[in-house]
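Colleague: One structure, as structure tokens, below. Some questions next.
The values are calculated or read from the model by the stated rules, or taken from the named source; none is laboratory data. Computed from a prediction, not measured in an experiment: that's the story for all the values here. So basically every Cβ, Gly included, is an ideal-geometry build from the backbone, and we count neighbours across all protein chains shown. Only protein heavy atoms, including side chains, enter the accessible area calculation; ligands, DNA and RNA are left aside. Shrake-Rupley method; radii C 1.70, N 1.55, O 1.52, S 1.80 Å.
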Amino acid sequence: MKNKKEYLKNKFIEFQVKIAELTTTLAQQQEQAANREKELFRTLIEIVDAFDHLDETIAAKEPSFDKTTKSLVKNMRSIQKKLKRLLSGNNIIKIEFPDNKASIQNCKIVETRPGADLENETILLVVKPGYINQVSKQVLRKAEVITVLND
């Protein structure tokens, strides 16, 4: 009877250790998966930026395009829309600034300019849009902005 109790006690301790190890492993795997997902979204954001830049370049020259080129541009814009839908479908949206003020949590100030009739930190121009996960409120990329800085 004593041996059986000792055996069961050891098995119980063994199971507890195993549960603790599995819990730790699971937490590490979840963190790794979240980091991979965040990195994937950052890469997709860079691709969207490239499409946006390409679209701006094309827009200036579009009136002179032939039928084939216009078809290629249409296909490119279709891919661009699909990428944006993919991001928004995963709750990744552009950071908006309803009060037009830069905040350290959402912005990286790349340049400042004087603006006599404007308050400091007022956004003059968004150079590169920022993106945030709408659900977790985690900033994936800060917006790069030009703001007002008065002496």
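Colleague: Report yes if some residue within segment 113-121 is open to solvent by less than 90 Å² (accessible area, probe 1.4 Å), small (G, A, S), farther than 22 Å from D49 by Cα and in contact with a strand residue (DSSP E or B) (Cβ under 9 Å, 6 or more places away or on another chain); otherwise report no.
Modeller: Checked against the condition, which is being open to solvent by less than 90 Å² (accessible area, probe 1.4 Å), small (G, A, S), farther than 22 Å from D49 by Cα and in contact with a strand residue (DSSP E or B) (Cβ under 9 Å, 6 or more places away or on another chain), segment 113-121 yields at least one hit.
Colleague: Now a separate question. Return yes when I45 is among the aliphatic types (A, V, I, L, M), surrounded by 13 or more Cβ atoms within 10 Å (Cβ to Cβ) and in contact with a strand residue (DSSP E or B) (Cβ under 7 Å, 6 or more places away or on another chain) and no when it is not.
Modeller: Answer is yes for this residue.
Colleague: Only one of these conditions is not met by F97: (1) part of a loop (DSSP other than H, G, I, E, B); (2) out of contact with any Ser or Thr (no Cβ under 9 Å at 6 or more places or on another chain); (3) crowded, with 16+ Cβ neighbours inside 10 Å. Which number is it?
Modeller: The one condition F97 does not meet is (2).
Colleague: Out of all the residues in segment 122-151, which are more than 24 Å from H53 (Cα to Cα) and either over 20 Å from the mean Cα position of the chain (by Cα) or not hydrophobic (A, V, I, L, M, F, W, C) (or both)?
Modeller: If the condition is that a residue be more than 24 Å from H53 (Cα to Cα) and either over 20 Å from the mean Cα position of the chain (by Cα) or not hydrophobic (A, V, I, L, M, F, W, C) (or both), then T122, Q134, S136, K137, Q138, V148, L149, N150, D151 are the ones that fit.
Colleague: Oh, and also: Determine which member of the set A33, A60, A27 is surrounded by fewer than 12 Cβ atoms within 10 Å (Cβ to Cβ) and farther than 20 Å from S136 by Cβ.
Modeller: Among A33, A60, A27, only A60 is surrounded by fewer than 12 Cβ atoms within 10 Å (Cβ to Cβ) and farther than 20 Å from S136 by Cβ.
Colleague: Taking the condition of being out of contact with any Asp or Glu (no Cβ under 8 Å at 6 or more places or on another chain) and under 23 Å from S88 (Cα atoms), how many residues in segment 115-128 meet it?
Modeller: The number of residues fulfilling the criteria is 0.
Colleague: Let me ask something else about it. Go through F15, F51 for me and flag whichever is over 30 Å from N150 (Cβ atoms) and surrounded by 11 or more Cβ atoms within 10 Å (Cβ to Cβ).
Modeller: F51
Colleague: Among the residues of segment 82-91, are any outside any helix (DSSP H, G or I) and closer than 23 Å to N133 by Cα?
Modeller: So far as segment 82-91 goes, yes, one or more of its residues are outside any helix (DSSP H, G or I) and closer than 23 Å to N133 by Cα.
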